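Here's the structure we're looking at; comments come further down.
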Amino acid sequence: MASINVRRVTPVLAVESVEASLAFWEGRLGFEKTVTVPHGEAVGFAILVKDGVEVMLQSVASILEDLGANTGEVNGRSAALFIEVADLGAVEELLGDYPVEMPRRTTFYGMHEIGVREPGGHFVVFAQPSA
C-alpha cells in the first residue's frame, strides 16, 4: 500500500470578505500577506504568514465558483484544509474509490490538486507542486 509524505497542512478559512479579514489578521495580529488573488472586483484569496505559521483566506464567492454550489454548505464559519504532499498520485491511490468532489486540476499558481470531503463534512484539498 502507498504512503504519503505530508509537507504542510494549512487551514483555509471561508470568509465573506477577504479584505475585512485581512484587517484583522494583518492589522491586529501582525500576520504578513504574501499572496492575494483577485475575484472580480474584490480579493478572492490570500495567504498570510507569521512565525512560520500559514493561514489562507478565501471568499465564499470564490469557493463556490471553484467548487460549484452543490458541494456542501459554505459560509463564513466554514473551514477547509490544504495539505501539500510530495506525491499526489500516492494520495489518489490511498483514496481508491473514495468520492472526489474536486477532480484533479492544475492551478495557475502551479499546484496539482484534488479535493474530497472527509466524513465529518470538511473539505480537504491535497496538492503537489508542479515540477
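Looking at 16, 41, 26, 32, just one residue is of a type in the set (D, E, K, R) and within 17 Å of the chain's Cα centre (by Cα), and that residue is 16.
State whether one or more residues within segment 50-70 are touching a residue at least 60 places away in the same chain (Cβ under 8 Å) and surrounded by 16 or more Cβ atoms within 10 Å (Cβ to Cβ).
No; the residues of segment 50-70 include none that is touching a residue at least 60 places away in the same chain (Cβ under 8 Å) and surrounded by 16 or more Cβ atoms within 10 Å (Cβ to Cβ).
The set of residues from segment 90-113 being in contact (Cβ under 8 Å) with a residue 60 or more places away in the chain and surrounded by 14 or more Cβ atoms within 10 Å (Cβ to Cβ) comprises 90, 91. Please tell me if residue 116 is β-branched (Val, Ile, Thr), at pLDDT below 95, under 23 Å from residue 46 (Cα atoms) and crowded, with 18+ Cβ neighbours inside 10 Å. In short, no. All told, residue 85 falls short of being closer than 21 Å to residue 13 by Cα, surrounded by 11 or more Cβ atoms within 10 Å (Cβ to Cβ), at pLDDT below 90 and in contact with a helix residue (DSSP H, G or I) (Cβ under 6 Å, 6 or more places away or on another chain).
The values are calculated or read from the model by the stated rules, or taken from the named source; none is laboratory data. Note that the coordinates shown come from a computational prediction; the quantities given were computed from them, not determined experimentally. With ideal geometry, Cβ positions are generated from the backbone for all residues, glycine too; neighbour counts draw on all protein chains shown.
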